[in-house]
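Student: Have a look at this one before I ask anything.
All of the numbers you see were taken from the coordinates with simple rules; none came from a lab. This structure is a prediction, so every number in the text was calculated from the model and none was measured.
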Amino acid sequence: MIDFDILITNFIDYDINLISKDSIYYYATAIKKVDNNYTVIKNDINIEAIDIMKLAKANNIPIVEDPPLTRALNMQVEQMEEIPELFQKALDEIYAKI
């Protein structure tokens with residue numbers, strides 16, 4: 001079941017062979033907006049991030065590349081947790097574009 005309406009990533013294209021290298025990390029953060037609140041539905045890295053990106057593409061969910069934002073969300077917000085006000089403006093701007 002798809003329960004998010006946008007995916008924020010630090011990549012659009014990827015090379016699965018690079019994941020084995022320590023310096024390459026793919027991040028993906030699936031977000032759901034309800035009223036004026038944003039919730040992280042899923043935070044993933046590497047293979048799981050690529051899998052959720054494929055899921056988003058298959059379901060026509062908008063994918064936005066924003067490396068600093070997705071890294072920050074991945075490190076600071078747990079899955080199924082409401083996103084802090086600190087990120088509100090950035091998310092408002094992204095949602096206004098989709």
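Student: Take the residue pairs Lys33/Lys54; Lys54/Lys89; Lys32/Lys57; Lys54/Lys97 and return only those whose Cα atoms are more than 19 Å apart.
Tutor: Lys33/Lys54; Lys54/Lys89; Lys54/Lys97
Student: With the convex hull built on the Cα atoms of the range 6-97, state its orientation-averaged projected area in nm².
Tutor: 5.8
Student: Determine the relative contact order of the range 6-97: mean sequence separation of Cα pairs under 8 Å and six or more apart, normalised by residue count, in whole percent.
Tutor: Relative contact order, the range 6-97: 34 percent.
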